[in-house]
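Single-structure report; data block below.
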Amino acid sequence: MRVIPAVKEMQAEVLNQKAQGKSIGFVPTMGFLHEGHLSLIKKAREENDLVVLSIFVNPLQFGPNEDFATYPRDFERDRALAESEGVDFLFYPSVEEMYPNPSSVTLVVQKRTDVLCGKSRPGHFDGVATVLAKLFQIVQPTRAYFGKKDAQQVAVVEGLITDLNFPVELVPVDIVREADGLAKSSRNVNLLPEDRKQAVVLHKSLQQAKKVMDEGERNPSTLISLIKEMITSESSGRIDYIELLSYPQLLPIERLEGKFIIALAVHFTNVRLIDNFILEIN
C-alpha cells in the first residue's frame, strides 16, 4: 500500500492506473477506522481493480461548536488497518494541501438538508459536498462507497453526483452494528460507560417501530411517538430529532408507503449519536 499526501501525486497515479483500464473503488473517510469503514473497503475490494481510501478530517463540515479539534485521530492504526484490508492507495492530505488558499468557490446544497442532521447543523452538508467534489476530481473513482448510517449524507451525495454529472457510481453499504445493535461510530469511544449502556435503546426503538409497522400501522406520527417514548423512558439522552421521511427525497409523508427512512439523533453526555432504518412498503 502506498501513502500519498499530495493532490498532484494522487491525480498522476490515478491517471496512470486508469490509462491501464483499471477500475477504482473509492472510500472517503475522516479516519479512526472501525468495522463500518472496513465493510466499505471490503465491498470496494470485491468490485474494483484498485481501492483508494482517503483520510481527511474536513474542517468545512464542522460547525463553530462542534468537535473538529477533538475528533479522534490515529493515523498509524488507520494505516495498518487499511493495509490489512488490501487498500492500494491511502490518500492522506493535510488541511493546507486540500485548502491552500481561501476558497473562491464552495458548494451550497439546496435540497435534502433542511431535515435530520442538516436542520441542526447548518452548513454541514455544504462542507461535505465541497470536499467530496474535490475528492472526486482528485481520485476520479469508478465507484464511491458510503455507509447507510449517515443516510442523509448518502442522499446528498446522490444529488451531488447526479446534478454535477460526476461519472461515479454511488454504492451505499449497510450499517455495521455492535453485538447489542448500536451502530458503529468513531464517536462511540467517547461515550461514558452509563451512556454506552443506555445507547442501545436507539436501535431497540427502531426495531420496535418496524415491528409495529409490520403489524399494519401506517401512521408516521404513531411510530415517531413510540420511538420518543422508548428513548425518554429508557435513557437520559436528549433527543435532537426523530423523523420519518420519503427516501432519498427526504420529504414529509402522511402515510407509510413506498421507500422511506425512520431516522433519529440523540445527545448523550459527550456524544451525539445517529441511527436509522430505511424501509419500503409496496
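Values in this text are rule-based calculations from the coordinates and carry no lab data. None of these values were measured; they are calculated from a predicted model. Because the Cβ atoms are built from the backbone with ideal geometry, glycine has one as well, and the counts that use them run over all protein chains shown.
Below is a table of values for the structure above.
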quantity: Gap separating the Cα centres of segment 105-162 and segment 22-72, nearest whole Å; calculated: 13 Å
quantity: Rounded to 10°, Cα long-axis angle of helix 75-84 versus longest principal axis of the chain; calculated: 80 degrees
quantity: Coarse-grained scattering of the chain at q = 0.08, 0.10, 0.11 Å⁻¹, given as base-10 log I(q)/I(0) from a Debye sum over alpha-carbon atoms; calculated: -0.35, -0.54, -0.66
quantity: nm² value of the averaged projected area, convex hull over the Cα atoms of segment 111-172; calculated: 3.8 nm²
quantity: Electrostatic dipole magnitude of segment 186-277 [Cβ: Lys, Arg +1; Asp, Glu -1; Cα centre; debye, to 20]; calculated: 220 debye
quantity: Likely footprinting exposure, S205, S225, fewest C-beta neighbours within 10 Å first; calculated: S225, S205
quantity: Alpha-carbon Rg with Dmax, taken over segment 186-277, Å; calculated: 13.5, 39
quantity: Degrees separating the helix 220-234 axis from the principal Cα axis of the chain, which is the longest one; calculated: 90 degrees
quantity: Order by protection proxy (mean Cβ within 10 Å, highest first), peptides 255-267, 139-151; calculated: 139-151, 255-267
quantity: Burial ranking of peptide ranges 235-241, 188-194 (average Cβ count within 10 Å, highest at the top); calculated: 235-241, 188-194
quantity: Distance violations [Cα-Cα > 25 Å] among K8/K148; K211/K259; K18/K42; K184/K204; K43/K149; K228/K259; calculated: K8/K148
quantity: Rg/Rh ratio calculated on Cα atoms of segment 93-216 (Kirkwood radius); calculated: 1.03
